[in-house]
Amino acid sequence: MSGPLLELRGATKRFGGITALNEVSLTVPRGGIVGVIGPNGAGKTTLFNLITGAYDLTSGEILFEGRSVAGLRPHRIARLGLARTFQNIRLFPSMTVREHLLVGQRGGGLRLADLLPSGGAARVGRAELAMRRFGLEAHRDRLAATLPYGLQRKVEMARAWTAAPKLLLLDEPVAGMNHDEAQDLAVLLRALRGEGLSILLIEHDMPFVMGLCDHLHVLDFGVPIAEGAPEAVRANPVVLDAYLGAPA
Amino acid sequence: MSAYTAGLLAEIGIGGIAALGVYVILATGQLSLGNAAFMAIGAYAAGWLTVTHDVGLTAAVLAGALLSGIVGVLVGFPALRLRGIYLAMATLGFGEMTRSFFLFFEPLGGAAGFSGMRQLQVSTIWIWLGIVLGVLVLLARSRLWLTLRAVNDDEVAANLIGLHATALKVGAFGMGAAISGISGALFAHWHLFIEPGNFGFERSTELVMAVILGGSTVAAGPVLGAGLLVLLPETLRFVADWRLAAFGALLILVLLVRRQGLLDRNLLRALTFRRRGAEARPEAAEVS
Amino acid sequence: MLLQQVVNGLTLGAVYTLVALGFSLVMGILGVLNLAIAELFMIGGYVGLTLVLADYPLPVAVLAAAGVAAVLGVVVEKVAYQPLRRAPPIAPLLSTLGCSVILQTVAVNIWGSDPLQLPPDLLDMRFDLGQASIGLAQVVIIAVAVLLVAILALLVQRSSVGQALRAIAENRDVARLLGVNAGRLTSAAFAISGALAGIAGVLIGLHYAAITPYVGVETGLKAIAVMVIGGTTSIWGVLLAGPLVGLVEVFSVVHGGAAFRDFAVYGLMILVLLLRPQGLLGGRAAGAQRV
């Protein structure tokens, strides 16, 4: 298949009389890293909730691998190969890091292996790999929700990664991380992209976004105001006015 | 073994199995105040099979469990629209409805009750308890159980990582119903006489109390709770008139200071697998 | 015959309405099912009947029952609700279940497990209504229920306590921002709901001319059904559902026998939960989604 992995055409979401997202169109090519930026309340998280099926579209279309996902329930969409993290971290309070990485792996219905301890050797292996890649080995048996903020974000990302998604949706991945941690993460995400993973991310941290993304979309109050390569967006006067205009 | 001891052991076994049914349902965050109804279905179905169709006990117990499980799924499906207290109230209504159904369902004796079963051995009850407990202990280590816990922890997040929360909740409901059905079938063949009053709201709340007291996060907890419910009154004879109040107080106390119940994973590890736990720890340290 | 059934059904319905209002008050405001209300109902019945048997006038008995049940209601709040108010709502449900067990044991120990009976000649005057007749006890029950509902409605609509309670029911967080003293109002809700249940207990005692320690569970579960059918947060819904359930009960006994009674009532409850989880008159569909 050659088309884009994810394509939004005029995606619109209204809550009552309020338009949270108006006519957003964007594509994520295979192996691409696309960023969505914009001030608070710009509708970025709404966008993720639409893509993952947490909200229903008011109008427009969302295509994943050319197939419309509108009306599909969240677990169905997830099983198509889409995994996300949350702005307000949503870890399972009763679970250790290792358990998160086991439960997060794509199921697609009950399998016999799910009855084995930890879901079988293949799953244990993938969880171990995830812990190595995301630097969580030292915390494997800690309750994930008791870890420092930055580590909790990593657990969320690792959980999403263990599902072997085609597209990873990251909601403010470096919030709460210091500069070095953010740089490490950028390296890791580039490596994942090198393995064929596509990424759509929402972020406030400008240097991080500019350095990582191939393509940027700017939202302001739910309305797309600009898009393009990071350098072009940075230079766009409309964007400077709406968002980057604040001394950066 | 004296008849008295046998009676106590049978009650613990029957109560323990039924409480495990509540435990499985609670594992997905659903509180059932109607599991006595599933006991009733298991009891009447199995009793009817052995008495009028001469079916063997094991087959009758399994059939009772199956029927109970099917009803559990049928109840569990519509109940998906309801959460928390609303679900608890719906199960309460279902329990009362089932009890009154057997009250006017004359083919199974109605208000006069049903009898004619042949008595089973206490050991049979405990073998069943062992099987159910064993399966649940093994299951607790599986990924399937992790997915149930995920639904309990955060249903929205569980859906978004691709878990079919609906199917898991209904499945847990059906499984819990089937387990309570096993208990009911054994109840019928121990007491030899069953009537709808055996399976009322009080029975349902007893099962919930057993789970909350004994421990709602490990399978051994509900069995411990059922044991306490049977044995404490026997040892508290000096306060015989107040023993139920003691349970009420204990229930509140547990909820206030130790919500996971008396037994939890840590305590269980400390009590049983100390050596293995000690081995596991340096292993974990080594990796770090 | 038909009219007689209606009278009997409405009498029973009046009692259910009061207890259901007790449940609904706590449920609507705090989102908690206080199972102990069922036993406050029973204790109220015992207190009232004991005083009636000791030749105190009925109003005194009713007030005493209301007072005792209200105080016990606050005790339940302090012991079982307050420490768990931040826990998931299933936790206080279970702790109030613990309170129920304790209260029932207390009643058995004070009054014994045999029924406490009123002399048969008390309130046995009957009024002729043409084809039916209504006993003095039934008149008293319905009159007291109507009076209490009116007082409660007035309280909720007019008094500052009522306004604050409604504010909390609408939105707990906003109410807190407005400076509503949630702690005192919570106690008030538990006390009022206890008092309603306690009075209803005296009334059921008059209705059956007897009371047992086990009447609480039976009537309490029915009252929960009434609350659900009417809509857990709707006072008007409860006022509709109480008499409705009373009538359903009476007529299902006539047409299907005594055993069919509970089946019909709980069947109706489940039907409502499935088809209209917000209750017959409940406005917010979100009610059923509250966790």
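Once you have the Kirkwood Rh of segment C:177-256 from its Cα pairs, apply Stokes-Einstein at 25 °C and 0.890 mPa s and quote D in µm²/s. Diffusion coefficient, whole number: 167 µm²/s. Applying Stokes-Einstein at 37 °C and 0.692 mPa s to the Kirkwood radius of segment B:3-287, computed over alpha-carbon pairs, gives a translational diffusion coefficient of 169 µm² s⁻¹.
Tell me, what does the Kirkwood hydrodynamic radius of the protein assembly as shown come to in angstroms if you use every pair of distinct C-alpha atoms? Result for the protein assembly as shown stands at 29.4 Å. Distance from the C-alpha centroid of segment B:211-263 to that of segment C:200-221: 29 Å, rounded to the whole angstrom. Using Cα atoms only, what is the angle between the long axis of helix A:121-133 and the major principal axis of chain A, expressed in degrees (0 to 90) to the nearest 10? Between the helix axis and the principal axis of chain A, the angle is about 50 degrees.
Within the same chain, lysines fewer than 8 places from residue A:154 are excluded, and of the rest, those with a Cα less than 27 Å from its Cα are A:44, A:166. Chain C gives an Rg/Rh value of 0.96, both radii derived from C-alpha positions and Rh following Kirkwood. Given the C-alpha centroids of segment B:58-73 and segment A:16-89, what is the distance between them in whole angstrom? Centre-to-centre distance over Cα atoms comes out at 44 Å.
Ranked for footprinting exposure by Cβ neighbours inside 10 Å, fewest first, C:227, A:95, B:39 give A:95, C:227, B:39. Principal axis extents of the C-alpha atoms in chain A (largest first, rounded to whole Å): 55, 40, 36. All other residues whose Cβ lies under 13 angstrom from that of residue A:183 are scored, Lys and Arg at +1 and Asp and Glu at -1, for a net of -3. Could you compute the longest span of chain C free of trypsin sites (Lys or Arg not before Pro) located in DSSP loops and having at most 16 other Cβ atoms within 10 Å, not counting the site residues? It works out to C:87-283. The separation of segment C:30-90 from segment B:94-155, counted between C-alpha centres, amounts to 35 Å. Rounded to the nearest 10 degrees, the angle from helix C:136-158 to the longest Cα principal axis of chain C is 20 degrees.
Taking Cα atoms, how many degrees apart are the long axis of helix C:182-208 and the longest axis of chain C, rounded to 10 and kept between 0 and 90? It works out to around 10 degrees. Residue by residue along C:103-116, Cβ atoms of other protein chains within 10 Å of the local Cβ number 2 on average. Scoring A:192-198, C:63-69 by mean Cβ neighbours within 10 Å over their residues and listing the highest first yields C:63-69, A:192-198. Note on residue C:222: lysines with a C-alpha under 27 Å away, same-chain residues under 8 apart excluded, are C:78. Membrane-span-like helices in chain B (whole DSSP H runs, Cα extent of at least 20 Å along the helix axis, mean Kyte-Doolittle hydropathy of at least -1.0): B:3-26, B:35-53, B:57-76, B:84-104, B:122-140, B:165-191, B:220-235, B:243-257. Ranked by the mean number of other Cβ atoms within 10 Å per residue, highest first, peptides C:11-20, B:145-154 order as C:11-20, B:145-154. Calculated on the Cα set of segment A:93-164, radius of gyration then Dmax: 11.6, 36 Å.
Shielding value for B:161-172 is 6, the average number of Cβ atoms from other chains within 10 Å of each residue's Cβ.
Shielding by partners for peptide A:197-207, expressed as the average number of C-beta atoms from other protein chains within 10 Å of each residue's C-beta, is 0.
The numbers here are math on the coordinates, done by the rules we state, and not lab data. Everything numeric in this text was worked out from a predicted model, so none of it was measured. Note: ideal-geometry Cβ built from the backbone for every residue, glycine included; neighbour counts use all protein chains shown.
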